[in-house]
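The values are calculated or read from the model by the stated rules, or taken from the named source; none is laboratory data. These numbers were taken from a predicted model, which means no experiment stands behind them. Please note: Cβ atoms are built from the backbone with ideal geometry, for glycine as well, and neighbour counts cover all protein chains shown.
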Amino acid sequence: MRKLKQVSITSDGQFDSPGFCAQMCRVVTINSETGFVVAFKALQKYMTDNRSSNMELAGTKAILNYLEQLGINVTLLTTDRHVTVRKMMETHFPKILHLFDTWHLLKSLTKDLREKTKTKRSGILKYFVKPIKNHAWFSVAEGKGDGILAREILLSALFHISLEFTKITSCCHPPIDPDAPEKEHMDPASWAYYYLFLKLSSENLLADFTRLSPDFATSKVENFNSLATGKYCPKKTFFPLHGYIMRSMLAILHYNNNVREEKAGNRKILRYVWQDSKANPGERIKKAIKSKASTEWQHNIVTDCIQVISNGFVFDNPISDASIDDNSDEEEEYLDNEEFEDDEFEDGGTAEYEEDSDIDLSATENKANSENYFDPPSNENQSKAGSSKKDSKLQEDGFEVIDPSEMEKTSYSAPKFIPPTLKEIQNALHILGIPARYADDSP
């Protein structure tokens, strides 16, 4: 990407849980031309002053700064119509062209039209929801980045549904055969046509429609989110931030491997099946069934992990041999402090204060002038005093006190490594979906 003069990327965020109780957010960026995931950022809510709505904004800004530090010239960014992201791009990244995703805009438009079809006087609108949606996709593709042309093609739908083809400059379709059967049309004086006219000619919709991206690359981000949510980071399961990052990395490796397999021609379309649409109830969509991708990347991860484990654990702070005597002074000092605090809370501190008030100040000053007044007591005296007080209290409570000299000294060291068995390796490969025959090639 550094060698390219212009780079187009697509970014989108996903929260770790449904609803408004999200604790973490993952922002993923995909190269619009290659389809590979090039960067991601996982954030927790405390990083944005406990405001979950700001996590996607912070993640997008962090990714753009990261790509800029790497020397990658990002000229086009495609996101959803997030208001704060739009303001951030205008303020901090004015040189990057910011476009909106077509899928998110048409999803909102289609949802509003379907809700209106439930009313009695706009029931005929249900026959035009899907054609208008297809016409909107066609207008963006035909515009090829020209927002004004895409907007004009979209508005031509208001004339086409009323069978009017003469009041517009030109049509994109061939001439209509006069002998062809008349299609379903809408009366321009009906309530359904009036609502559709207000919806398609709204100021906000037309302003955003001129900034739609013709790359249609956000669907790739949605495919990645579907893979990550379905297999690695389900929204109904909580993961700590470190585990959430690790699982996101595995999802990125899985997705990039699938893209690489498709580009190499290894993933071929086996057949097509018809399925019920989740987004549009009552409709059926055609889904391509592809051959399975290679799992070599999973085998490489397991092989490398087994090789690292077989060489021994790696500690940031290795555990060295130590005995009880090394920490005996610290333990006795802690016990003395703890016992002093207990006595202070039990007595209330009032009697000690009265006794201290009767002390001769002149004698105290003479003692302070001596050389050994501020010398700390020896460790032996502290340990004897602490142990005698502790032993007396334990004996009063009915516990048996054992002399420390009679106890055997114990040394602590790092645990010895036990290499995994062949059955454990095969079980790990089975969880990752790798054939068990690869266990013979592992160290």
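See the values below:
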{"read-out": "Count of the range 57-79 residues which are in contact with a strand residue (DSSP E or B) (Cβ under 7 Å, 6 or more places away or on another chain) and either assigned to a strand (DSSP E or B) or of a type in the set (Gly, Ala, Ser) (or both)", "value": "9"}
{"read-out": "Hits in the range 221-272 (condition: touching an Asp or Glu at 6+ places or on another chain (Cβ under 8 Å) and among the basic types (Lys, Arg))", "value": "LYS235, ARG267"}
{"read-out": "Pick from the range 1-45, criterion among the small types (Gly, Ala, Ser) and surrounded by 17 or more Cβ atoms within 10 Å (Cβ to Cβ), ranking: farthest from ARG247 (Cα to Cα)", "value": "SER8"}
{"read-out": "Which numbered condition ASN223 misses (of (1) part of a helix (DSSP H, G or I); (2) more than 13 Å from the chain's Cα centre (by Cα); (3) surrounded by 16 or more Cβ atoms within 10 Å (Cβ to Cβ); (4) not hydrophobic (A, V, I, L, M, F, W, C))", "value": "(3)"}
{"read-out": "Residue in the range 229-247 that is assigned to a helix (DSSP H, G or I), over 26 Å from ILE425 (Cα atoms) and at pLDDT 90 or above present", "value": "yes"}
{"read-out": "Matching residues in the range 118-134 - criterion: being touching a residue at least 24 places away in the same chain (Cβ under 8 Å) and more than 34 Å from the chain's Cα centre (by Cα)", "value": "ARG121, SER122, GLY123, ILE124, LEU125, TYR127, PHE128, PRO131, ILE132"}
{"read-out": "Failed criterion for TYR272 (all others in (1) among the hydroxyl-bearing types (Ser, Thr, Tyr); (2) closer than 27 Å to HIS82 by Cβ; (3) at pLDDT 90 or above; (4) exposed (fewer than 13 other Cβ atoms within 10 Å of the Cβ) hold)", "value": "(2)"}
{"read-out": "Some residue of the range 84-96 being in contact (Cβ under 8 Å) with a residue 60 or more places away in the chain and farther than 17 Å from ILE63 by Cβ", "value": "no"}
{"read-out": "Condition check for HIS254: surrounded by fewer than 10 Cβ atoms within 10 Å (Cβ to Cβ), under 29 Å from the mean Cα position of the chain (by Cα) and assigned to a helix (DSSP H, G or I)", "value": "no"}
{"read-out": "Subset of the range 113-129 (residues that are surrounded by 14 or more Cβ atoms within 10 Å (Cβ to Cβ) and either touching a Pro at 6+ places or on another chain (Cβ under 9 Å) or assigned to a helix (DSSP H, G or I) (or both))", "value": "LEU113, ARG114, LYS116, ILE124, LEU125, LYS126, TYR127, VAL129"}
